[in-house]
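Data first, discussion second: the structure below is written as structure tokens.
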Amino acid sequence: MTSSTQQAALDQEHDHGHHGPATGIKRWLFTTNHKDIGSLYLLFSLLMFLIGGGMAMVIRAELFQPGLQLVDPHFFNQMTTVHGLIMVFGAVMPAFTGLANWMVPMMIGAPDMALPRMNNWSFWILPFAFLILLASLFMEGGGPAFGWTFYAPLSTTYSNDNTALFVFAVHIMGVSSIMGAINVIVTIVNMRAPGMTWMKLPLFVWTWLITAFLLIAVMPVLAGAVTMVLTDKYFGTSFFDAAGGGDPVMFQHIFWFFGHPEVYIMILPAFGVISTIVPTFSRKKLFGYASMVYATSSIALLSFIVWAHHMFTTGMPLAGELFFMYATMLISVPTGVKVFNWVATMWRGSISFEVPMLFAIAFIVLFTLGGFSGLMLAITPADFQYHDTYFVVAHFHYVLVTGAVFSIMAAAYYWLPKWTGYMYSETLAKWHFWLSLISVNILFFPMHFVGLAGMPRRIPDYALQFADFNALISIGGFAFGLSQLLFVAVVFKCIAGGQRAPAKVWDGAEGLEWEVASPAPYHTFSTPPEVK
Amino acid sequence: MHTPLLRKLVLLVLGMFAFAFALVPLYDVFCDITGLNGKVELTAAEASEEQDLARLVDVSFTTHTQGQAPFKVKAATYQVTVTPGTLTEVNFTAENLSGEARIMQAIPSVSPGMAAKYLHKLACFCFDQQSMQARQKMSFTLRFYVDTELPNDIAELTLAYTLYDITDRNAAAYDALLNPAKHSRHSAAGKDYAQSIQAAVYQQIRGISHG
Ligand code: HEM
Ligand SMILES: [Cu+2]
């Protein structure tokens, strides 16, 4: 933001008695402004994405060749664990919270989030959570090494004393995202501009509303699970210890009762982003708005009754296996509705391929591919072979990297000019897209093959017959990692300056956020807009 | 203007946190009713009134130790063939392999899991903690029968014992967990906060599932 545009924005707003941002570090520490907090979340998430990505590079370097060469197995386990935790709780979730902070108030014509002080807290406790988690890596005994799923007894009987730090960090992350979710719900329910009825809400707002309810429903369950791990480990309880009458399988039930809705927490806002971008660059209204809302709600509801598809091999009775198999497959119906609607929106549209649209189209194709491997995993007898192999790793990286992460990049490229007031370098952004697209497939597609052939996940060494594919996967991994530096370059160049962006950056775009200037003034919609 | 909604949402959060802990007794009750997780009753059963002499069921026994537990327990016969309803006795020899006194707790489990609630034990060393002197050898008798209601598709089942060394734990609180009937509601909970929570949870489980 340059001072002149900011001043212009301020002049506009002065009659409402508002003040501009404070200066220096205090602006960021004490800010209650949704745009500042949105930027903080997004930048934090980018930093975590790079740190978590660095850990992935360590993993791929070790797996480049069979045998143990670079790191010892215990450190390898810490890398897979902390990579997963950071990407889920540090990169994807805060990125979506950042987008919600920036966009939800603007999209519904509200001046800010409903609870601005709580908003400041929910961001500022987050860096401490990750500081604690990362610091544990450097302590004696190392950080958590039991997988991001922290199955008992790995996290209880067999973990080291630093596990308390892991538990504490997860508690803070949980509190942060619960506060964020409460804020989103209160904002959407109470602060819509007059005339913004439920069925006029932009889909990004709808998907975030539903996501926020999922967060409130399951983050406390995660908090409960880590608390039980804590007391089992340090205070002599035996929730998960058979010697005291507990049951380690129960850990998995509690964890996945949180875990499966959690994966939808990471993808529903992505659906919202894609449903915003595809109509803009197809120059058509979104096909099937109402069905999108209902499909999102049914996905959210169904996500509570499928958790044991992560546990097919734990010795469930046949009736249980069948129930969870069919319930899981049922989710692909509303998911299919969404994919159909996106494609139908593009059908006969006058499509142009700007960078946000490129990422959106890649999302639709590759996320669907991840859904298909999910369906394969949902077939109980097949899952007995696929479970805990690289096939599962391939599945969830397709839905999470080419799904959630691609949607976040699409969103960044879509709204960056609105945030900074400058157009980014489209050439550089296109390079970023194509390099990412090619490398991400070299990285994750062969994982299907080695997985089907039986290569187990979370192991630092592997049988010789997997060597060629793993070398290829690692090369794809390094290329994907390096390509993301281009993204960093595009973003920071765009913050620094460039060609001025108009208020309505994309000619096909619709929504209240395009009615305010670019960059969006520090305070928007102090008087509610008229929604027709 | 936001307070009413805020209050509801906070209640929802607290409710879901409580729900996570409520899942613990719910899980056990569910498994108890359905017999899903192969957990076996840790209390003595009554002898059977009926017998089904036309059916034969193979019952095998295995034991394994958890972690470094210094015990060895072996059944005198690896497998017995029984008719449902008939009381059967099997002898076990146990040994403390270490040079110091230890307390052993055996936790039984039946597979297939569905068979768990059809295997009834009248006497079992797993009902109690077993204090064993250094290098002491003991022998135990398991008295059990297989229910006549055992589903027809199950012709063989395995009773597996996992042996735990629980010497270092608070023995009294442990006993309260495993034999709540012998203790009043609060006696064994002691001052240890966490253990008292857990004892309460377990007493609740037992209370619900055994009337
Ligand atoms: C059609 C939709 C989907 C189906 C049918 C499906 C099915 C499954 C199944 C059966 C597994 C367990 C595999 C195993 O461990 O053996 C699994 C794992 C996983 N899925 Fe999906 N899935 C779907 C969509 C998604 C989405 C949208 C996400 C996230 C955005 C996701 C994230 C994950 C993750 C992270 C795991 C692995 C968890 C772990 O063990 O670490 N899935 N999926
Ligand atoms: Cu799942």
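The values are calculated or read from the model by the stated rules, or taken from the named source; none is laboratory data. Predicted model, so just to flag it, every value in this text is computed and none were measured. Positions of Cβ are generated from backbone atoms using ideal geometry, with glycine treated the same way; all protein chains shown enter the neighbour counts.
Screening A:ALA152 on (1) among the aliphatic types (A, V, I, L, M); (2) modelled with pLDDT of 95 or more; (3) farther than 20 Å from A:GLY90 by Cα shows it passes everything except condition (2). Where helices (runs of 4 or more DSSP H) fall entirely within region A:27-112, those with at least 1 residues that are within 14 Å of the chain's Cα centre (by Cα) and closer than 16 Å to A:LEU137 by Cβ are at A:34-63, A:73-85.
Would you mind finding the one in A:PHE271, A:PHE312, A:PHE281 that is more than 23 Å from the chain's Cα centre (by Cα) and within 14 Å of ligand 1 (Cβ to nearest atom)? Don't jump to the end; show me each part of the working.
Numbers: A:PHE271 fails: more than 23 Å from the chain's Cα centre (by Cα); A:PHE281 fails: within 14 Å of ligand 1 (Cβ to nearest atom).
Answer to the selection: A:PHE312.
The single condition among (1) touching a residue at least 40 places away in the same chain (Cβ under 8 Å); (2) surrounded by fewer than 19 Cβ atoms within 10 Å (Cβ to Cβ); (3) part of a helix (DSSP H, G or I) that A:MET376 does not satisfy is (1). Could you tell me whether A:MET179 is closer than 30 Å to A:GLU510 by Cβ, at pLDDT 95 or above and within 14 Å of another protein chain (Cβ to nearest Cβ)? No. State whether the residues of region A:421-441 include one that is under 23 Å from A:TRP148 (Cβ atoms), among the aromatic types (Phe, Trp, Tyr) and either away from ligand 1 (no atom under 11 Å from the Cβ) or part of a helix (DSSP H, G or I) (or both). No: region A:421-441 contains no residue that is under 23 Å from A:TRP148 (Cβ atoms), among the aromatic types (Phe, Trp, Tyr) and either away from ligand 1 (no atom under 11 Å from the Cβ) or part of a helix (DSSP H, G or I) (or both).
Scanning region B:53-74 for residues that are in a loop (DSSP other than H, G, I, E, B), surrounded by 14 or more Cβ atoms within 10 Å (Cβ to Cβ) and in contact with a Phe, Trp or Tyr (Cβ under 9 Å, 6 or more places away or on another chain) yields B:GLN66, B:ALA69.
Just to be sure before I move on: is A:ALA479 away from every other protein chain (no Cβ under 14 Å), at pLDDT 95 or above, away from ligand 1 (no atom under 16 Å from the Cβ) and farther than 30 Å from A:ILE265 by Cβ in the structure I sent? So A:ALA479 does not fit the description; no.
Every residue, every condition in (1) surrounded by fewer than 21 Cβ atoms within 10 Å (Cβ to Cβ); (2) within 11 Å of chain B (Cβ to nearest Cβ); (3) without any contact (Cβ under 8 Å) to a residue 40 or more places away in the chain, yes or no:
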| residue | (1), (2), (3) |
| --- | --- |
| A:TRP208 | no, no, no |
| A:ALA217 | no, yes, no |
| A:ALA223 | no, yes, no |
| A:THR227 | yes, yes, no |
| A:ILE254 | no, yes, yes |
| A:PHE271 | no, no, no |
| A:PHE281 | no, no, no |
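Among the candidates A:ALA290, A:ALA308, A:ALA319, A:ALA327, the residue that is small (Gly, Ala, Ser) and crowded, with 21+ Cβ neighbours inside 10 Å is uniquely A:ALA308.
On the basis of being within 17 Å of the chain's Cα centre (by Cα), away from ligand 1 (no atom under 14 Å from the Cβ) and in a helix (DSSP H, G or I), does A:ILE254 make the cut?
Working: within 17 Å of the chain's Cα centre (by Cα): no; away from ligand 1 (no atom under 14 Å from the Cβ): yes; in a helix (DSSP H, G or I): yes.
Criteria not met by A:ILE254.
Checking each residue in region A:333-366 for being under 16 Å from A:LEU400 (Cα atoms) and either within 15 Å of ligand 2 (Cβ to nearest atom) or among the charged types (D, E, K, R) (or both) picks out only A:THR335. Filter region A:315-348 for residues that are within 19 Å of A:GLY259 (Cβ to Cβ) and near ligand 1 (Cβ under 9 Å from one of its atoms) and give the result. Those that are within 19 Å of A:GLY259 (Cβ to Cβ) and near ligand 1 (Cβ under 9 Å from one of its atoms): A:PHE324, A:MET325, A:THR328, A:MET329, A:ILE331, A:SER332, A:THR335. Residue check: B:SER109 meets all listed conditions (1) modelled with pLDDT under 90; (2) part of a strand (DSSP E or B); (3) of a type outside the set (Lys, Arg); (4) farther than 30 Å from A:SER159 by Cβ but one, namely (4).
Residue count for region A:410-427 under the criterion of being at negative phi, more than 24 Å from the chain's Cα centre (by Cα) and touching a residue at least 60 places away in the same chain (Cβ under 8 Å): the result is 4. Taken over region A:344-360, the residue count meeting the criterion of being within 23 Å of A:ILE438 (Cβ to Cβ) and either without any contact (Cβ under 8 Å) to a residue 60 or more places away in the chain or outside any helix (DSSP H, G or I) (or both) is 4. Can you name the residue in region A:297-332 that is of a type in the set (Gly, Ala, Ser) and within 11 Å of ligand 2 (Cβ to nearest atom) and, of all such residues, is nearest to the other protein chains (Cβ to nearest Cβ)? Looking at residues that are of a type in the set (Gly, Ala, Ser) and within 11 Å of ligand 2 (Cβ to nearest atom), I get A:ALA308.
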